[in-house]
1. Given the residues Glu131, Glu135, Glu119, Glu151, which is the only one that is more than 20 Å from Ala23 (Cβ to Cβ), acidic (Asp, Glu) and out of contact with any His (no Cβ under 9 Å at 6 or more places or on another chain)?
2. Tell me, please, whether a residue that is crowded, with 18+ Cβ neighbours inside 10 Å and over 23 Å from Gly8 (Cβ atoms) can be found in the stretch 52-73.
3. If we scan the stretch 100-122, do we find a residue that is free of Cβ contacts under 8 Å to residues at least 40 places away in the same chain, of a type in the set (Asp, Glu) and in a strand (DSSP E or B)?
4. Which of the residues spanning the stretch 141-158 are of a type in the set (Gly, Ala, Ser) and either within 13 Å of Ile121 (Cβ to Cβ) or modelled with pLDDT of 90 or more (or both)?
5. Pick from the stretch 48-72 the residues that are at pLDDT 95 or above and among the polar types (S, T, N, Q): which of them is farthest from the chain's Cα centre (by Cα)?
6. Which condition number in (1) in contact with a His (Cβ under 9 Å, 6 or more places away or on another chain); (2) loosely packed, with under 13 Cβ neighbours inside 10 Å; (3) under 18 Å from Asn77 (Cβ atoms) is the one that Leu111 fails?
7. Filtering the stretch 22-51 down to residues that are basic (Lys, Arg) and farther than 19 Å from Thr9 by Cβ, which residue is surrounded by the most Cβ atoms within 10 Å (Cβ to Cβ)?
8. If I ask for residues that are touching a strand residue (DSSP E or B) at 6+ places or on another chain (Cβ under 6 Å) and either of a type in the set (A, V, I, L, M) or not in a strand (DSSP E or B) (or both), which ones from the stretch 123-136 would you list?
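The values are calculated or read from the model by the stated rules, or taken from the named source; none is laboratory data. Since we're looking at a predicted model, the values are computed, not measured. We place every Cβ from the backbone using ideal geometry, glycine too, and count neighbours over all the protein chains shown.
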Amino acid sequence: MPELIRRGTAADVAAITALTMRAYAKWKALIGHEPLPMLADYAVAIQQHRFDLIEHGGTLVALIETDLRDDDLLIVNVAVSPDAQKRGHGRRLLALADQIARDAGRDTLRLYTNERFEENIRLYASLGYSEERIETRANGDRAVHMVKRMERALQTRS
C-alpha cells in the first residue's frame, strides 16, 4: 500500500500523541524522564504549528511538527514509530521541512535535541545541520541547538 504525506488536523491529535509516546519511549529510558515531546499538549500544538504526517495503510507512522517564525523554520518534533524506523521517513520529513522553509522564503532551519540523543544528532549533521549552541536546562539536561542555512534562490529580474 502506498505511503501518503498529508497535513495534520485536529482530528489527528490522538494519533499524533500516541505516535509521539511510542517514538520517544526509548529516550525516556536513556535520560530517566519523559522528553519534551512526550509532555506536549497536541490539542494546543495542532492549532499553533504545522503538522505533516506520513501514513502507511491508513496508519500514522511518522510526523514532523514545524513552526514558521519571522526569520526561520523551527522543527519542533520529528517522530517515527519504532516499527517504521530505518525506512527513510525521518529524512523524507526533514526534506519536506527544507521545502516548507523555501516556499515561505526562509533560508534558515533550526531544531534542538537532547545532547544524549547522539543518533539524532548524527542524522541532523548528515543533513547539513550544525551545532549552534548548547543550553543547560533547569533539570540538568543539555539541549543541542542546531541550525541549517540554505542558499537563497537567485532572484531574477524581468
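1. Working: Glu131 fails: out of contact with any His (no Cβ under 9 Å at 6 or more places or on another chain); Glu135 fails: out of contact with any His (no Cβ under 9 Å at 6 or more places or on another chain); Glu119 fails: more than 20 Å from Ala23 (Cβ to Cβ).
Going through Glu131, Glu135, Glu119, Glu151 in turn, the sole match is Glu151.
2. As a first pass, look at the stretch 52-73 and keep what is crowded, with 18+ Cβ neighbours inside 10 Å: 52-55, 60-66, 72-73.
Narrowing the set further to residues that are over 23 Å from Gly8 (Cβ atoms) leaves none.
No, every residue in the stretch 52-73 fails to be crowded, with 18+ Cβ neighbours inside 10 Å and over 23 Å from Gly8 (Cβ atoms).
3. Scanning the stretch 100-122 turns up no residue that is free of Cβ contacts under 8 Å to residues at least 40 places away in the same chain, of a type in the set (Asp, Glu) and in a strand (DSSP E or B).
4. Taking the stretch 141-158 first, the residues of a type in the set (Gly, Ala, Ser) are 143, 153, 158.
Ala143, the sole residue that qualifies.
5. Result: Gln48.
6. Here Leu111 meets the rest and fails (2).
7. As a first pass, look at the stretch 22-51 and keep what is basic (Lys, Arg): 22, 26, 28, 50.
Okay, now just the ones that are also farther than 19 Å from Thr9 by Cβ, so 22, 26, 28.
Details: Arg22: 15, Lys26: 13, Lys28: 13.
Among those residues, the one meeting the criterion is Arg22.
8. Tyr124, Gly128, Tyr129, Ile134, listed by residue number.
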